[in-house]
Amino acid sequence: MNTYTFQIRKVLVLLCIGLLTQFAVAQEKATIEWLSWNEAVERLNTDENPKKLFIDVYTDWCGWCKKMDKDTFQNPKVAAYMEANFYMVKFDGEGKEPIEFKGKTFGFVPSGRKGYHEFAAVLLQGRLSYPTVVFMDENLQMLSPVPGYHKPTPFLKIAKYFGDDVYKEKDWKKYSESK
């Protein structure tokens with residue numbers, strides 16, 4: 001084998017390694033398309049096969065909310081599953097934008113130094129704890145709020161319970177004890 005052929009093979013091998021690295025990096029950076037409440041409701045009403053709704057209720061000052069964003073929602077497996085099965089909504093529990101839900105308008109309520117959004121209080125069933133995620137079906141019926149920080153693997157188990165309609169056949173306790 002001459003030097004020229006060896007150099008070409010070397011370049012081809014390096015090119016392949018580079019492409020494989022780029023592909024691996026792209027796979028690791030699965031991202032979630034976060035929607036506003038109105039955008040998600042619009043999709044529910046217009047998509048031929050609507051998905052369920054997932055709402056991440058957070059606040060700007062919540063450290064655990066930021067940790068869950070980074071550790072859980074940026075996990076490639078979590079992001080891919082959530083994108084495939086849910087419309088993903090980020091909702092600031094202290095936001096000021098009015099929200100329309102089931103014929104009622106919910107708004108911001110000043111309280112103490114900050115305040116809270118009435119819709120957050122409804123979603124979280126009066127327990128304003130952050131982070132809390134909320135699962136709703138395609139008809140905007142509440143399935144369950146789930147409070148607290150969750151690592152990727154336990155979170156994915158919760159998400160699949162609702163996303164795969166397991167909740168219709170099995171209660172959480174039996175499901176969580178399986179697998």
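Here the condition is being closer than 25 Å to Thr153 by Cα and at pLDDT 85 or above; of Thr59, Thr46, it holds for Thr59 alone.
If you go through segment 82-91, how many residues are in a helix (DSSP H, G or I) and within 9 Å of the chain's Cα centre (by Cα)?
Counting residues in segment 82-91 that are in a helix (DSSP H, G or I) and within 9 Å of the chain's Cα centre (by Cα) gives 2.
Taken over segment 70-83, the residue count meeting the criterion of being surrounded by fewer than 18 Cβ atoms within 10 Å (Cβ to Cβ), under 26 Å from Arg127 (Cβ atoms) and in contact (Cβ under 8 Å) with a residue 12 or more places away in the chain is 1.
Looking across segment 155-168, the residues that are touching a helix residue (DSSP H, G or I) at 6+ places or on another chain (Cβ under 9 Å) and either without any contact (Cβ under 8 Å) to a residue 60 or more places away in the chain or open to solvent by 50 Å² or more (accessible area, probe 1.4 Å) (or both) come down to Lys157, Ile158, Lys160, Tyr161, Asp164, Val166, Tyr167.
Which of the residues spanning segment 92-148 are open to solvent by less than 70 Å² (accessible area, probe 1.4 Å), among the polar types (S, T, N, Q) and either assigned to a loop (DSSP other than H, G, I, E, B) or free of Cβ contacts under 8 Å to residues at least 60 places away in the same chain (or both)? Selection gives Ser111, Ser129, Ser144. Scanning segment 55-76 turns up one or more residues that are among the basic types (Lys, Arg), closer than 18 Å to Pro147 by Cβ and assigned to a helix (DSSP H, G or I).
The values are calculated or read from the model by the stated rules, or taken from the named source; none is laboratory data. Worth saying up front: this structure is predicted, and the values here are computed from it rather than measured. Every residue, glycine as well, gets a Cβ built from its backbone with ideal geometry; the counts of neighbours run over all protein chains shown. Accessible surface is based on the protein model in full, side chains and every heavy atom, while ligands, DNA and RNA are left aside. Shrake-Rupley method; radii C 1.70, N 1.55, O 1.52, S 1.80 Å.
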